[in-house]
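Notes to accompany the following structure.
The values are calculated or read from the model by the stated rules, or taken from the named source; none is laboratory data. It should be emphasised that the depicted structure is a prediction, and the values quoted were computed from it without experimental measurement. Methodologically, a virtual Cβ is constructed for each residue, glycine included, from the backbone with ideal geometry; neighbour enumeration extends over all protein chains shown. For accessibility, only protein heavy atoms count, side chains too; no ligands or nucleic acids. Shrake-Rupley method; radii C 1.70, N 1.55, O 1.52, S 1.80 Å.
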Amino acid sequence: MAKNIQSLERAAAMLRLLAGGERRLGLSDIASSLGLAKGTAHGILRTLQHEGFVEQDTASGRYQLGAELLRLGNSYLDVHELRARALVWTDDLARSSGESAHLGVLHQQGVLIVHHVFRPDDSRQVLEVGAMQPLHSTALGKVLSAYDPVAHTEAMETERQPFTPRTVTDPEEFEAMLDLIRARGWAADVEETWEGVAAVAAPIHDRRRMPVGAVAVTGAVERVCADGELRPELIAAVRDCARAVSRDLGAGRF
């Protein structure tokens, strides 16, 4: 069996580190996080910077992901049929709901955000395309876990971290929650992943009626919920959006 190339493994680990948590990291932070000597880490960073995969802030000296990664990511996303079919519908969802709309797919024991439409106001927002969300606590993840057997297995076999006091981690409670999601056709996340944040998601199916992703709206609890419950019109809007994308993928009517 061929051995992996260590320098490439280290570069990949470095990019993953920069993609999560803080937006910018210093050389010492990167080296210590990956267990590398500063000289080794600096050499890899310089190579990644030369190729455009990493950028260095001139004022602070800290590193962040570079524009070349965005270009490569977009070239992948542009040919992603699910995203292409969902563009118009998720734009409409964000506009009608007044909240952010996210499109997610199962990826490496989590949910990969492949499309993000900003909340239609003037507030400062961060593009979350390429971000990963947990399966067991987010609305997107729970919908995928309910409808996709692979996602279900991964959600059950991996550690379900309690992000807030509301996070469901007990296996029996989690299974019961998935049964409820399948029965009503949508999932909720009310401060189960992030304090003060709520979301509702619905599954998207392809022409074989297989789950291929999920769509959600996410926002502050006080906007997404009313009297302690998710706003019915938001639930209806998300489900309508999921059905529309599914029809465009050839799933027909549900």
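Could you check which residue among Val197, Val215, Val143 shows the biggest mean-square fluctuation in a GNM of the chain with a 10 Å Cα cutoff?
Val197
Using a 1.4 Å probe on the protein chains only, how many percent of the accessible area of the chain belongs to carbon and sulfur?
Ligands and nucleic acids excluded, carbon and sulfur reach 51 percent.
Which translational diffusion coefficient, to the nearest whole µm²/s, is obtained for the chain from the Stokes-Einstein equation, given a Kirkwood hydrodynamic radius over C-alpha pairs, 25 °C and 0.890 mPa s?
My calculation gives 125 µm²/s for D.
Select from His42, His136, His205 the residue whose mean-square fluctuation is largest in a Gaussian network model of the chain (Cα-Cα springs shorter than 10 Å).
Among His42, His136, His205, the largest mean-square fluctuation in the Gaussian network model of the chain belongs to His42.
Using the Cα centre of the range 71-191 as the reference point, and only Cβ charges (+1 on K/R, -1 on D/E), how large is the resulting charge dipole? Debye, rounded to the nearest 20.
Computed charge dipole of the range 71-191: roughly 380 debye.
Quick one: among Val88, Val129, Val168, which has the greatest mean-square fluctuation in a GNM of the chain with alpha-carbon springs under 10 angstrom?
Val88
Dipole magnitude of the chain about its Cα centre, charges +1 at Lys/Arg Cβ and -1 at Asp/Glu Cβ only, in debye to the nearest 20?
Here the size comes out at about 780 debye.
Would you report the distance distribution of C-alpha pairs in the range 159-244 as whole percents per 5 angstrom bin, up to the bin with the largest distance?
So the P(r) values, bin by bin, are 3, 14, 21, 23, 22, 12, 5, 1.
Can you give the accessible area per residue of the chain, in Å², using a 1.4 Å probe?
Ligands and nucleic acids excluded, the figure is 54 Å² per residue.
Using each residue's phi in the range 211-221, evaluate 6.51 cos²θ - 1.76 cosθ + 1.60 at θ = phi - 60° and report the 3J(HN,Hα) Karplus result to the nearest Hz, with x for Gly and Pro.
Karplus values, whole Hz, x for Gly and Pro: x, 10, x, 8, 10, 8, 10, 9, x, 5, 3.
Given the protein chains as shown and a 1.4 Å probe, how many square angstrom of Met132 are accessible, to the nearest 10?
90 Å²
Kindly report, to the nearest 10 Å², the accessible surface of Trp89 as traced by a 1.4 Å probe over protein heavy atoms only.
Near enough 90 Å² of accessible area.
Find how many whole Å separate the alpha carbon centroid of the range 133-177 from the alpha carbon centroid of the range 196-244.
Using only Cα atoms, the two centres lie 16 Å from each other.
Under a Cβ-Cβ cut-off of 13 Å, what is the net charge of the residues other than Glu173 that fall near it, where Lys and Arg count +1 and Asp and Glu count -1?
Taking every Cβ under 13 Å from that of Glu173, the sum is -2.
Go through Glu175, Glu99 and list them by solvent-accessible area, largest first, probe radius 1.4 Å.
Heavy-atom accessible area, descending, gives Glu175, Glu99.
Given contacts defined as C-alpha pairs under 8 Å and at least six residues apart, what's the relative contact order of the chain, whole-number percent?
14 percent
Pairing the Cα long axis of helix 81-97 with the longest principal axis of the chain, what angle in degrees results, from 0 to 90 and rounded to the nearest 10?
Helix 81-97 sits roughly 70 degrees off the main axis of the chain.
Can you show me the helix-derived [θ] at 222 nm for the chain, built from DSSP H runs with n ≥ 4 at -39,500 (n - 2.57) apiece and divided by the number of residues, rounded to the nearest 500.
Dividing the helical sum by the residues of the chain leaves -14000 deg cm²/dmol.
Please list, ordered by chain and number, the residues whose modelled amide H lies under 5 Å from the amide H of Gly213; skip anything fewer than 5 residues away on the same chain.
It is Ile204, by chain and number.
Against the longest alpha carbon principal axis of the chain, how many degrees, from 0 to 90 and to the nearest 10, is the axis of helix 232-248 turned?
70 degrees
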